[in-house]
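**Student:** One structure coming up, written as structure tokens, with questions to follow.
Nothing in this text is a laboratory measurement; each read-out follows from the coordinates by a stated rule. What you see is a predicted model; the values in this text were computed from it and never measured. Don't worry about glycine lacking a Cβ; one is built from the backbone with ideal geometry, like all the others, and counts go over all protein chains shown.
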Amino acid sequence: MSLVADTWDAFTNPLNDGWGQTRTHVELSAAALGLAAATGLALGVLCAKIGRGAAFVVITVSNLGRTVPTFAVIALVLAVSSLGRWPAVIGLFGLGVPPILLNTYTGIRGVDRGAVDASRGMGLTGPQILARVELPLAIPLIFAGIRTSAVQIVATAALAGLVGVGGLGVIVQSGLSNDQTEVLLAGAIPIALLAILAEALFGAAQWLLTPRGLRLARRAAPRRPRRTL
Amino acid sequence: MAEIRWDWISRNADEIQARTIEHLALVSVSTGIAVAVAIPIGIAVRGRRIPFATATGVAGILYTIPSLAMFAFLLPIFGIGFTPAVVGLVLYALLILIRNTAVGLEGVPPAVREASVGMGLTPRQVLTRVELPLALPAIMAGIRLAMVSTVGIATVAVLIGGGGLGSLIYSDGIQRGLFLTPIVVGAVCATVMAIALDLLLVLAERMLTPWARARTGDR
Amino acid sequence: MTRLHRRPLALLALALLASVAMLAGCGGDGGDADGPGSGTSVIVADKGFSESRIVAQLYAQALRGQGFDADVTGLGSTKIADGAIRNGDIDLYPEYTGTAFLNVLGRSATDAGSPQVVFQEVADAYAGRGLTALPPSPYNNGNEVACTQDAVDEYDLKTLSDLGRASGDLVYSANAEHITRDDGLPLLHSAYGVSFKDVINVDISLRYKPIEDGDADCVYAFGTDPSLATLPLVVLEDDKGTFSAGVPFQNFPVVSTKFLDGLSDEARGSLEDTLASVNALLTDENIRALIAKVDFDKDDPSDVADDFLAENLTESS
């Protein structure tokens, strides 16, 4: 019980500035996620429309944001710039693109050809098919990507604390290096809560964006075959 | 822009090679274990809102644990070196894998499922013969992402004596006043490794889904 | 269909086998089994930053010279190194008296006495934790504050009290640990009235980056930082003796007591003598030169250690 109180004290301690750092953390994460979602979606659609080989190239290039550890990406950006928000946002952006891109690509390619052919038969143009049929049907996977990216960006934004731009990572870092559990938790718990919040928020957005027909179809049908059948 | 020190690279060729091999071992073993752990979890929680939210929530929280704290926690049980590094990496990879497996399985059209039940397939047969094959693209997308992510994340193994490319990027690079050469070398080795592993997985997926190839033929 | 399911497993198994086989191929080279160490294996750890890596290499190579089979492994923090040595995963590593006193034992900076007293207290407390603290080296990696020549000229800074007067106009670069720790920035505030206009919170390895970029005027420095010599920085005097002199940061070898007890008398004596003779060489000047070689000339820690020992360590046996 006292650990809870100590953690709260550490969070509200002006030295740690929990609320201010939370705000910075959210701003950095939101900027990175917004950019990553826009880029990932656009490239994912593009990849689904070009050939497999070209898609592999685009996906591979985007994967650079993950294969190179984020702190190294930030360090590389730092080598050519000074400290500030951009190196951190670029590093987080690179981390966020691949799940959105690959899941968008996989989702659109997985859309039933019959549905696409039917829409074409109804006179829909290519962009209309994309907007009204393919993207809506790919929503579950696209959002799976966005949710994964959101959680990982929020978690990794802790690195921003190492490059002078603040965020909850600063509190985590000082807790780790001074070996003060309550300070570590005062940084780590809000990060975990933000991750859960992001997960829930995008879950709700996904539900809102899923076409009603699809929602109904899922609900009406038995989720999984029952043994009694 | 600081220049690349080629002499450092040639002096450390053996070290670079050894670290790359360590890294490959870390990535392949931990991704393999993570797949083996996460896919059954994904199967178990599919289509059930609360278990799904719990599983992804827990995996998400695991992902937010700072690696130094994670390793300090694992140390009394697993010691230092390869084993705790793999355990940490497996925990970090669960999120993507569980989610993509469950979402992929949920994406199987209900009609298809009903038809298979109607044909007299048992639940296990429906899962293995209908649902999993149809969800394979989403599951493979998850495995590809997990593998590629683990290539990047595995650099934290250096914190617990697990070696790998993190030793070039952190100890030789960042900790020595942003010495760019080892950072770039580590990044390039990681990237080449990720491309090769990703290519292997794409080929594996093509072999596993012959119907997808047939379908794109008439596109 | 079962064929379909076996294939990824087979691929995985192949990948596993291949990686294990590759791992097995790259074992370390054994030490010279002659000498008092008679091939006994010693695992030395470092904490990942240059100074720690250099000292660990010096210990390991000197021990190899005495016939021990010493290997160096890199770890990421004090907590992990301390956990690993108590767990028996490593046998020895270089630590600072100040870090042991404050971080590991959780003592307060205001409790700290002279360097000798702090070391003795650390050694006594470590003995109760299954660890043996061997005598420290002469160099002291103490806390300092350094400011740019420009700031020093403009504000006529000589001492930390001068800094207290001018700090409202200055920007400080430091790591999170120093900014929040009792004996860090809070102490500068309470004892010298230091209150900076802005504090840039960076990783310990990036402290000098804002100075190089012109974004900060002052920086939290360690006595052994080679950047103090290469950048136009002036170390401020501690006119009250509260900050720098407060807690000593001398380097000393922590050895697992269980490991020491397992050695023959001859091997144990040789190990203690070897570490002591390496420590004797580690003056402020020497360690700073070694770090500069690693951080600026980009020489490898193992080569730097090798050369240094070849030049300085005469055969004592």
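**Student:** Multiplying the sequence separation of residue C:34 and residue C:283 by 0.36 nm and subtracting their Cα-Cα distance, what value in nm do you get?
**Tutor:** Gain on stretching residue C:34 to residue C:283: 86.6 nm.
**Student:** Can I ask one more? What does the structure give for A:151-164 when I average, per residue, the other chain Cβ atoms found within 10 Å of the residue Cβ?
**Tutor:** Partner-chain Cβ atoms within 10 Å, mean over residues of A:151-164: 5.
**Student:** If you rank C:38, C:264 by fewest surrounding Cβ atoms within 10 Å, what's the result?
**Tutor:** The most exposed by this proxy come first: C:264, C:38.
**Student:** First obtain the Kirkwood hydrodynamic radius of region A:1-68 from its Cα pairs, then insert it into the Stokes-Einstein equation at 20 °C and 1.002 mPa s, and state the resulting D in µm² per second as a whole number.
**Tutor:** 140 µm²/s
**Student:** Right, something else. Considering every residue in B:9-20, what mean count of other chain Cβ atoms within 10 Å of its Cβ is obtained?
**Tutor:** So the per-residue partner count for this stretch is 1.
**Student:** Rounded to the nearest 5, what % of DSSP beta bridges with both residues in chain C are antiparallel?
**Tutor:** 55 percent
**Student:** For the Cα atoms of chain A, what angle does the longest principal axis make with the long axis of helix A:2-12, in degrees from 0 to 90, nearest 10?
**Tutor:** 90 degrees
**Student:** For a quick protection proxy, order the peptides C:273-281, C:106-114, B:146-154 by their average other-Cβ count within 10 Å, most packed first.
**Tutor:** Result, highest mean Cβ count within 10 Å first: B:146-154, C:273-281, C:106-114.
**Student:** Which whole DSSP H helices in chain B pass both tests: a Cα extent of 20 Å or more along the axis and a mean Kyte-Doolittle value no lower than 0.5?
**Tutor:** Span-like helices here: B:13-45, B:49-64, B:82-106, B:132-153, B:180-208.
**Student:** More than 46 angstrom separation, counting every C-alpha pair in the protein assembly as shown; what % is that?
**Tutor:** 27 percent
**Student:** Next question. Tell me the label-point distance for the pair residue B:44, residue C:108, using the 7 Å Cα-to-Cβ offset, in nm and rounded to one decimal.
**Tutor:** 4.9 nm
**Student:** Once both labels are modelled 7 Å past Cα along the beta-carbon direction, what's the residue A:204-residue C:134 spacing in nm?
**Tutor:** A separation of 6.1 nm, rounded to one decimal place.
**Student:** With axes computed from alpha carbons, what is the tilt in degrees of helix C:50-65 against the longest principal axis of chain C, rounded to the nearest 10 within 0 to 90?
**Tutor:** Relative to chain C, helix C:50-65 is tipped by roughly 40 degrees.
**Student:** Take a quick pass over the protein assembly as shown and tell me how many lysine pairs come in under 27 angstrom between Cα atoms, counting only ones 8 or more apart or on separate chains.
**Tutor:** Value for the protein assembly as shown: 14.
**Student:** Here's another thing I want to ask about it. From the gyration tensor of the Cα coordinates in chain C, what semi-axes in whole Å does the equivalent ellipsoid have, largest first, with each one equal to sqrt(5λ)?
**Tutor:** Calculated on Cα positions only, the semi-axes equal 39, 27, 20 Å.
**Student:** If you average the sequence gap of Cα pairs under 8 Å that are 6 or more apart and divide by the length of chain A, what percent do you get for the contact order?
**Tutor:** Relative contact order, chain A: 25 percent.
**Student:** Taking chain C as the reference, fit the longest principal axis to its C-alpha atoms, fit the long axis of helix C:78-87 to the helix C-alpha atoms, and give the angle between the two in degrees, 0 to 90, nearest 10.
**Tutor:** That works out to roughly 30 degrees.
**Student:** When chain B is treated as a GNM, springs tying every alpha-carbon pair under 10 Å, which of B:19, B:46, B:206 comes out with the largest mean-square fluctuation?
**Tutor:** Greatest mean-square fluctuation among the candidates belongs to B:206.
**Student:** A further question follows. Run the quick spin-label model on residue C:195 and residue B:122: label points 7 Å from Cα toward the beta carbon, then report their separation in nm to one decimal.
**Tutor:** 7.6 nm
**Student:** Further, regarding this structure: What does DSSP give for the protein assembly as shown in terms of the percent of beta bridges that are antiparallel, rounded to the nearest 5?
**Tutor:** 55 percent
**Student:** Follow-up. When you look at the Cβ of every residue in A:104-116, what mean number of other chain Cβ atoms sits within 10 Å?
**Tutor:** 3
**Student:** Order of A:149, C:77 from fewest to most other C-beta atoms within 10 Å?
**Tutor:** With the sparsest Cβ surroundings first, the list reads C:77, A:149.
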